[in-house]
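No value in this document is a laboratory result; all are computed from the given coordinates. Predicted model, so just to flag it, every value in this text is computed and none were measured. Virtual Cβ from ideal backbone geometry, glycine too; neighbours counted across all protein chains shown.
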Amino acid sequence: MTPLTSPPDRLDFDLSVWEVVKQVPPGRVTTYGTVAHLLPVPAGVLETTYAAFGARWVGAAMARCPEDVPWHRVVNARGEVSVREGEGREEQWKRLGLEGVVPGADGRIDLRRFGWHGSGAPGASPQESLF
């Protein structure tokens with residue numbers, strides 16, 4: 001069986017992603033994998049498939065997010081701003097900087113300092129994301 005390249009109900013998944021991202025407070029960031037970890041495995045998807053594709057599905061949802069979703073607060077697992085079309089990368093750094101989120105000398109955001117792992121989010125766990 002070929003693994004799914006997108007969630008079975010993309011709109012439902014996207015809406016769930018956006019609701020989690022809306023909970024990330026100003027001055028904090030989360031990762032695509034952490035968002036995936038905070039969501040239940042979509043119906044009809046094996047846990048192993050979700051573990052392999054969940055963070056990518058979150059990234060795709062974020063590429064489609066509406067204006068009221070604080071997209072700039074989602075970064076990759078290395079604490080880096082992901083490549084974006086046009087001036088999106090610079091805009092993301094600008095927005096994060098206005099919230100006090102600054103990169104370290106290595107150009108990465110310190111996820112221990114600025115990371116949000118879901119306290120208050122549905123299904124939140126105090127543990128680090130496995131993604």
Scan around Thr30 for amide H atoms under 5 Å from its own, H built in the peptide plane at 1.01 Å from N, and keep only partners 5 or more places away or cross-chain. Val74, Val75, Trp116
With θ taken as phi - 60° and the coefficients 6.51, -1.76 and 1.60, list the Karplus ³J(HN,Hα) couplings across segment 94-100 in order, rounded to whole Hz; mark glycine and proline as x. 4, 4, 5, x, 5, 9, x
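Where does each of 36-45, 55-64 land if you order them by average Cβ count within 10 Å, highest first?
Values: 36-45: 17.7, 55-64: 19.7.
Highest-to-lowest ranking by the protection proxy: 55-64, 36-45.
Going by a ≥ b ≥ c, the root eigenvalues of the Cα gyration tensor, does segment 31-122 fall in the rounded group (a/c under 1.5), the prolate group (a/b larger than b/c) or the oblate group? Before the final figure, lay out each step's value.
On the way: a/c = 1.93, a/b = 1.60, b/c = 1.21.
Verdict is prolate for segment 31-122.
Using r as the Cβ-Cβ distance of Lys94 and Ala43, and R0 as 41 Å, what FRET efficiency do you calculate, to the nearest 0.05?
Numbers: r = 39 Å, r/R0 = 0.94.
About 0.60, to the nearest 0.05.
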Packing-ranked peptide list from 105-118, 12-25, highest mean Cβ count within 10 angstrom first, is 12-25, 105-118
